[in-house]
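Data first, discussion second: the structure below is written as structure tokens.
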Amino acid sequence: MVDVVFWALVALATVTSLVTAWALGANSNSPPFAPAIGANAIGTMRAAFLIGILAALGALTQGGAISETVGAGLIDGVAITSLAATAGLLTATGFMAFGIYTGYPVPAAFATTGAMVGVGLSLGGDPALGTYQRIATFWVLVPPVSGGLAYLTATLLRRDDVPDTVGIPLLAALVGGIVANVRLSIIPASGDADQGSLAAYGASFVESTTVAGVDVIAVAITLAFAAASFQFIRRRTQASVDEGVKTFLLVLGSIVAFSSGGSQVGLATGPLENLYGVELGLPSIVLLALGSVGILGGAWMGAPRLLQATSREYAQLGIRRSIAALVPGFVIAQAAIVLGIPISFNNIIISGVIGGGLAGGSAGVSRQKLLTTVAFWILTLFSSIAVGFGLYRLFAAVLGA
């Protein structure tokens, strides 16, 4: 009887995780390609197809750190059981479903983090205060950093003395340099690291010196990626500014969608870390593959409808403001992945849109809407803690766990 209950909980937790990943794939991964669709650089169905592939690949190769934080880093002293994982996932998914149905801004990262803290406390665990401090600091910094980067980006693109044949390639150089240092699980890493970057891996083949702790060869590879990206987009913009901008939007949308998958999958797979890794003894790639399948299905089945709506919104924003919103999204998402901090990708984009709007003299978002959004973020976090706590207690009482 005990085995039957255990495997029933495993099945329920797995299905709930898949549903959560599906919702993330359908909603959180759509914004990156919306500007390209709005600029007629790619069709909606083709964009949805690429989003699914890229986000799934990002989930597989970059999702481990955030998944580990959500599953094991939010509570000290206890391990998340299958019943607790089920309660946490149901809580988070319920909040996300409420947001989708009502249109209220319910961030997935806040709902999942709060739910897992709630079930962990209900299990008798201790608050991981150090982790909370890191996450809270990052969350608080996201709006000003994303908005500030978007403002600077939009200002650069709006300058009359900086033509598009220079401004767009400069942004491409920045993105290319960051791509060279993106950490992926498929790239061998030195020491105890789980993920390596192209720059670090290339530098490992050459005996190099370090200056102030920085590998000179890795810097050279980074600059080479930046220069190649600059030259590629510059040639495209010189031939045709319109075609060059569309190319950059496609490339930028692709890498942002990839980053979105890596930063979001942990919200669906994190609660199952202990169940799959310890109780079932499965390698972490199995869990990430599960989340990738859910994200892929959500993108292919649910993204087209949302893409049509968001592409119209981005078309109204304009190409420059759209680029200004996506560049910070890529930078911040990669920073969150490196630090293992769960984030809500849509929150980053919203901040970027506001920052880009300020460069044109108007944020484009009413103060009332902004205050409502922030209020729902805070309400989501604390109410999900309470619901997760109570739901686990209810499950435990009913099942006698």
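The values are calculated or read from the model by the stated rules, or taken from the named source; none is laboratory data. Remember, it's a predicted structure, so these values are computed and weren't measured experimentally. Reconstructed Cβ throughout: ideal geometry from the backbone, glycine too, with neighbour counts over all protein chains shown. Heavy atoms of the whole protein, side chains included, go into the accessibility calculation; ligands, DNA and RNA do not. Shrake-Rupley method; radii C 1.70, N 1.55, O 1.52, S 1.80 Å.
Structure notes:
- Whichever residue in segment 57-77 is open to solvent by less than 10 Å² (accessible area, probe 1.4 Å) and under 14 Å from the mean Cα position of the chain (by Cα) and, among such residues, is farthest from Gly277 (Cα to Cα): Gly58
- Any hit, segment 174-184, residues being out of contact with any Cys (no Cβ under 6 Å at 6 or more places or on another chain) and over 21 Å from Ala227 (Cβ atoms): yes
- Failed item, numbered, when Ile37 is tested on (1) more than 29 Å from Val353 (Cα to Cα); (2) open to solvent by less than 30 Å² (accessible area, probe 1.4 Å); (3) β-branched (Val, Ile, Thr): (1)
- Residue check for Ile323: under 25 Å from Glu68 (Cβ atoms), part of a helix (DSSP H, G or I) and either at pLDDT 80 or above or not small (Gly, Ala, Ser) (or both): no
- Selected residue (criterion: nearest to Gly261 (Cα to Cα)) from residues of segment 157-169 that are free of Cβ contacts under 8 Å to residues at least 40 places away in the same chain and open to solvent by less than 40 Å² (accessible area, probe 1.4 Å): Gly167
- All told, Thr222 falls short of being among the polar types (S, T, N, Q), surrounded by 14 or more Cβ atoms within 10 Å (Cβ to Cβ) and farther than 25 Å from Gly340 by Cβ.
- Output for segment 135-156, where each listed residue is among the hydrophobic types (A, V, I, L, M, F, W, C), touching a helix residue (DSSP H, G or I) at 6+ places or on another chain (Cβ under 6 Å) and open to solvent by 30 Å² or more (accessible area, probe 1.4 Å): Leu149, Leu156
- Gly88 vs. criteria more than 18 Å from the chain's Cα centre (by Cα), within 20 Å of Arg393 (Cα to Cα) and assigned to a helix (DSSP H, G or I): yes
- Subset tally (residues that are open to solvent by 70 Å² or more (accessible area, probe 1.4 Å), at pLDDT below 85 and either among the polar types (S, T, N, Q) or on the phi > 0 side of the Ramachandran plot (or both)) for segment 170-212: 6
- Scanning segment 283-302 for residues that are of a type outside the set (Val, Ile, Thr) and open to solvent by 60 Å² or more (accessible area, probe 1.4 Å) yields a total of 4.
- Selection within segment 230-247 - within 18 Å of Leu326 (Cβ to Cβ), among the basic types (Lys, Arg) and in contact (Cβ under 8 Å) with a residue 40 or more places away in the chain: Lys246
- If you filter segment 354-378 down to residues that are within 11 Å of Tyr151 (Cβ to Cβ), among the hydrophobic types (A, V, I, L, M, F, W, C) and open to solvent by less than 50 Å² (accessible area, probe 1.4 Å), you find that the one that is modelled with the highest pLDDT is Ile354.
- Applying the condition of being part of a helix (DSSP H, G or I) and surrounded by fewer than 17 Cβ atoms within 10 Å (Cβ to Cβ) to segment 95-129 and asking which residue is modelled with the highest pLDDT yields Leu129.
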